[in-house]
Amino acid sequence: MRIKNKISISLATLFAAGLLLKGCTKTELVTDPNYPAVETVLNNATKEQINQLGVGVQSVMRNGLSANYTWSGCIGREVVYYASTESRFHEELQGSKPIDPGGLMMGWYSAASQTRRRAEILHQSAEKSSALSDAEKLAVKGFVKTVQAYVMLNAANMAYSKGIRTSFTDLRVPGDMLKPGCFSTYEQSLAYIKQLVEDGNAALKTGSNTFPFPMTAGWAGFETPEKFGKFNRAVAARVAMYQKDWAALSSALNESFINETGSMDAGPKFTYSTTANDATNPFFQNENATNVTTLVQVNFVPEAEAGDKRVFGLPRNKKDGTAKVKQRTNPLAPTGFPLMPYEVQMFETISSPVGIIRNEELLLMKAEAAMQSNDLDEAVRILNIVRDAAGLNDYAGAVTSDAVLDELLNQRRYGLFMEGHRWFDMRRYDRLSTLPKDNAEHQVWTEFPRLLSEVDWDSKYPCN
């Protein structure tokens, strides 16, 4: 059965710009051609409307993922995005020209902000609905706060010192639609995100046993509030890592879905399909494409450890493959770059799912928490689990803080390739200056600029 979608709304700020929610069955996401006004769901929404809004939020949660991973991957020197007719991708991201704050690279910001707002509409609709029990309303709140924390952490890491707005228009206050809050510092942004994820965790623990909307197929194993709470704790672990709160990181991991004997790929997934109006996998690309393709930065393969299946195994675009890159038949490069003989090949088909947070990441966070707590033997033990899964022998280097940190960052480099981590890892350990530059004119950016429309908005309507 196809579950139809709900609402579309146009508001004046990026946090409330064009609302288009997608609905789905348990396995597909589709768009409904009917767009009732937002008031129809904010005022005593029906169970069916809550059902559809919940599925819609799951759909839009995927938005901006490609920009997050690919643009940060370019700046973090994992990849070079090549477009034969558009030089701005490699010029701006690799640093020979400033990033245009009103240009091609800023879609991640509006995607996160709009998803946060759409999730808030679901939350407020549930709160005002007589069709839901108090326990169901808490389950919705837990889901919403977790989604908001996930997407806004992605945005905060891209913006860094530019920050995010940690308050935005209040749907419950008449006339407040055009009053977004001020931008916060990075540290304040992380504190806000931590509050979101902790509020979500509390609500999930006290709410109903099921969500009042269906969860899509990618959430198998996380489809109830209790099970979804393990994803919440994984997001909380990410937040704690960026806050350098190692005790909180360890605590969150213990309540997450981390599994030392499990698959590195275990975890919830974003699903895609070729169903009309659904999204296809944004990272899938045909082999040896010459017009638009994501190339692997020239240092990545030569600096990999011999035998690493994540690099030298059968490519993931082949069934049961493990390598995330594949050698091209024809090396390619933008003008002024060295020829790049490898391309990204992480997915078998255009409908392949994409992991949201994987067990491999959780294990690497556990190793980092141990290292930061000066338990180097424990850090090495966890790192060896990751190395073993990659086909590598146990770590044989020095067991010192510096050496184990180098190994940790190396495992994150190859284990979490093109998953939105490398740039941020090097920044939080003050190693951006060590990232390679393919051209003497290049530089490594610390952060993205603030979106031009936000600058213009604050210029006309100063926040308070």
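A few points about this structure:
- Residue match in the range 435-449 (condition: under 30 Å from Gly391 (Cα atoms), among the hydrophobic types (A, V, I, L, M, F, W, C) and not in a loop (DSSP other than H, G, I, E, B)): no
- Condition check for Glu260: at pLDDT 95 or above, assigned by TED's automatic domain parsing to the domain that holds Gly218 and surrounded by fewer than 20 Cβ atoms within 10 Å (Cβ to Cβ): yes
Quick grid of which residues meet (1) within 20 Å of Phe284 (Cβ to Cβ); (2) outside the structural domain of Leu204 (by TED's automatic domain parsing); (3) at pLDDT below 95; (4) surrounded by fewer than 21 Cβ atoms within 10 Å (Cβ to Cβ):
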position	(1), (2), (3), (4)
Leu19	no, no, yes, yes
Gly23	no, no, yes, no
Val41	no, no, yes, no
Ser66	yes, no, no, yes
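The rows are residues; the columns are (1) in contact (Cβ under 8 Å) with a residue 40 or more places away in the chain; (2) basic (Lys, Arg); (3) closer than 21 Å to Val151 by Cα; (4) surrounded by 23 or more Cβ atoms within 10 Å (Cβ to Cβ).
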position: Pro212; (1), (2), (3), (4): yes, no, no, no
position: Trp219; (1), (2), (3), (4): yes, no, yes, no
position: Met241; (1), (2), (3), (4): yes, no, yes, yes
position: Ala266; (1), (2), (3), (4): yes, no, yes, no
position: Lys269; (1), (2), (3), (4): yes, yes, yes, no
position: Asn286; (1), (2), (3), (4): no, no, no, no
position: Thr290; (1), (2), (3), (4): yes, no, no, no
position: Val301; (1), (2), (3), (4): yes, no, no, no
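- Scanning the range 164-215 for residues that are part of a loop (DSSP other than H, G, I, E, B), modelled with pLDDT of 95 or more and over 20 Å from Ala45 (Cβ atoms) yields Ile164, Ser184, Thr185, Asn209.
- Taking each residue of the range 382-409 that is among the acidic types (Asp, Glu) and looking for partners that are not in a helix (DSSP H, G or I) with beta-carbon atoms closer than 6 Å, six or more apart or interchain, yields Glu407/Tyr395.
- Note on the range 316-350: residues that are surrounded by fewer than 16 Cβ atoms within 10 Å (Cβ to Cβ) and hydroxyl-bearing (Ser, Thr, Tyr) total 3.
- Scanning the range 419-464 for residues that are among the aromatic types (Phe, Trp, Tyr), in contact with a helix residue (DSSP H, G or I) (Cβ under 6 Å, 6 or more places away or on another chain) and within 19 Å of Gly103 (Cα to Cα) yields Trp445, Phe448.
- Of the criteria (1) in the same structural domain as Ser66 (by TED's automatic domain parsing); (2) small (Gly, Ala, Ser); (3) over 20 Å from Gly207 (Cβ atoms), which one Ala131 fails: (3)
One line per residue, one yes/no per condition, for (1) outside any helix (DSSP H, G or I); (2) buried (at least 20 other Cβ atoms within 10 Å of the Cβ):
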{"residue": "Thr85", "(1), (2)": "yes, no"}
{"residue": "Ser96", "(1), (2)": "yes, no"}
{"residue": "Pro101", "(1), (2)": "yes, no"}
{"residue": "Gly107", "(1), (2)": "no, no"}
{"residue": "Ala112", "(1), (2)": "no, yes"}
{"residue": "Arg118", "(1), (2)": "no, yes"}
{"residue": "Leu122", "(1), (2)": "no, yes"}
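- Looking only at residues of the range 251-280 that are assigned to a loop (DSSP other than H, G, I, E, B) and among the aromatic types (Phe, Trp, Tyr), we find that the one that is farthest from Ala220 (Cα to Cα) is Tyr272.
- Asp388 meets the stated requirement of being exposed (fewer than 15 other Cβ atoms within 10 Å of the Cβ) and part of a helix (DSSP H, G or I).
- Test: residue in the range 223-234 that is assigned to a loop (DSSP other than H, G, I, E, B), surrounded by fewer than 15 Cβ atoms within 10 Å (Cβ to Cβ) and at pLDDT 95 or above: no
- Residue list for the range 433-454, filter: modelled with pLDDT of 95 or more, aliphatic (A, V, I, L, M) and surrounded by fewer than 18 Cβ atoms within 10 Å (Cβ to Cβ): Leu452
The values are calculated or read from the model by the stated rules, or taken from the named source; none is laboratory data. Everything numeric here is computed off the predicted structure, so don't read it as measured data. So basically every Cβ, Gly included, is an ideal-geometry build from the backbone, and we count neighbours across all protein chains shown.
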